[in-house]
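Novice: Okay, here's the structure, questions in a sec.
Here, each number is a calculation from the coordinates, and none is a lab measurement. Note that this is a predicted model, so its numbers are computed, not measured. Cβ atoms come from the backbone with ideal geometry, glycine included; neighbour counts cover every protein chain shown.
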Amino acid sequence: MDLVSTNIFIIRISLYVGIFFLLSSTILFTMIFLNRLRIIRKHKKEEEFTNKWRPILLENLYKVPDSLEPVPAKYNIAFLILWNNLQDVLRGKEKEHLNQLARSLKMDQVAFKMMNSRKMVNQILGILVLGNLKESSSFDKLKEIAEKSNLTLSMTALHSMAKINLEKTINPLLSFIKERGEWPSYKIVMILDEIGSSIFSQPLADLIKRTKSKEQPVLIKLMKFADSEIAKTLAEDLLDSAFDPEVISASLGLLEYFGDSRNIKIIERHLNSDLSFIRMKAVKALSALGSLEILPILEKSLTDSDWWVRYRTAQSIISLPMVTREDILKIRDRQNDKFAIDILNYVLF
């Protein structure tokens, strides 16, 4: 009898537990379903709001209306996303008209609050909006965010700073570039493009000269987006004074972009480097000049001890303008070095 009672008790407990889990699952499923419906409804409302305000903004690109209905607080984010997207594709007076319209709706105040939000997504949107508004009173706060925040917020803040005040942004930007090596190059280039080569080129060149040699190569590569004369002068100065192979390589890379026939001698010196990658970089820099003056110089590198240098040299020779196949065969036939002949045959056949 005791055994039967025990079994009944266990069955009842199992039944109650099963009912509990069934009810719990049903409640959880219902909550997920209702939450999904809420999100869909919210997105639909925001889409309706966007569809209503897009034509209003487009109609007022060329003039600021005397009055507009206020934007409900719950749609502030939807409005600012729409407004920000339009800012990204517009130029000139239309952008300024959009700014005036946003200020008339007190969106500058909303952006300030969002910049100080605890939600990173809201912070980013607020920072972007203040940059497009060219809100000068936000500059110091943006600089603080750039100095203390994570990568995404820092880069966003600097981009907005550049839109607000180009001259005041260049020194903080260069300082951050030097100190925060984890910043991706393409993001930095976007900000430099916003600032303009006429403003950042000389300060960046001066920073490179003051920087330790081991930190220079990364900065030198950014000079490819700088003013050509300033970049070329910097490369010439560094090639005259540098001993670090990476600095020399990066400087030759600049002359590959910006060099001219006046740089032949300074590049030629590095064809005698002990390091094969420097010699190859020098060959590439000479080749980029595209001048027949370099042909006799390149011929000497056909006998280089490194196969890749010889290969790059042969490729450079056959790519020179006005050099025909017959000319290359003549060059091959006058070689006394077996390796030079072999590499020319390799690229020819």
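Novice: Once you mark the trypsin sites (Lys or Arg not before Pro) that are in a DSSP loop and have at most 11 other Cβ atoms within 10 Å, what is the longest gap between them in the chain? Walk me through the numbers before you get to the answer.
Specialist: Details: sites that count: Lys63, Arg91, Arg118, Lys119, Lys212, Arg334.
Excluding the exposed sites themselves, the longest stretch runs over 213-333.
Novice: Out of every Cα pair in segment 260-349, what percent are spaced more than 21 Å from each other? Working shown, then result.
Specialist: Details: 905 of 4005 pairs.
Of all Cα-Cα distances in segment 260-349, 23 percent exceed 21 Å.
Novice: Select from Ser117, Ala250, Ile10 the residue farthest towards the positive end of the dipole of the chain; place +1 on Cβ of Lys and Arg, -1 on Cβ of Asp and Glu, and compute about the Cα centre.
Specialist: Ile10
Novice: Calculate how steeply helix 307-318 sits against the longest principal axis of the alpha-carbon atoms of the chain, using the helix alpha-carbon long axis, and give the answer as 0 to 90 degrees to the nearest 10.
Specialist: Value to nearest ten degrees: 80.
Novice: Under the Karplus relation 6.51 cos²θ - 1.76 cosθ + 1.60, θ = phi - 60°, what is the ordered set of whole-Hz ³J(HN,Hα) values for segment 112-127, x standing for Gly and Pro?
Specialist: Calculated HN-Hα couplings, in order: 4, 5, 5, 4, 9, 5, 7, 7, 4, 4, 5, 4, 4, 4, x, 5 Hz.
Novice: Related question: Does segment 15-149 come out rounded, prolate or oblate, given a ≥ b ≥ c as the square roots of the eigenvalues of its C-alpha gyration tensor, rounded meaning a/c under 1.5 and, failing that, prolate meaning a/b above b/c? Before the final figure, lay out each step's value.
Specialist: On the way: a/c = 3.75, a/b = 1.87, b/c = 2.00.
Taking the square roots of the gyration eigenvalues as a ≥ b ≥ c, segment 15-149 is oblate.
Novice: Using a cut-off of 12 Å between beta-carbons, work out the net charge of the residues near Ala73 (Lys and Arg +1, Asp and Glu -1, Ala73 not included).
Specialist: Net charge around Ala73: +3.
Novice: Something else about it: Under a point-charge model restricted to the Cβ atoms of Lys and Arg (+1) and Asp and Glu (-1), what is the dipole moment magnitude of segment 260-349 relative to its Cα centre, in debye to the nearest 20?
Specialist: 140 debye
Novice: Specify the angular offset, from 0 to 90 degrees and rounded to the nearest 10, of the alpha carbon long axis of helix 93-104 from the longest principal axis of the alpha carbons in the chain.
Specialist: That works out to roughly 30 degrees.
Novice: I've got another one for you. Can you give the angle from 0 to 90° between the axis of helix 197-210 and the longest principal axis of the chain, with both taken from C-alpha atoms, to the nearest 10?
Specialist: Tilt relative to the chain: about 70 degrees.
Novice: Determine the sum of side-chain charges near Asn132: Lys and Arg each +1, Asp and Glu each -1, restricted to other residues whose C-beta is under 13 angstrom from that of Asn132.
Specialist: -1
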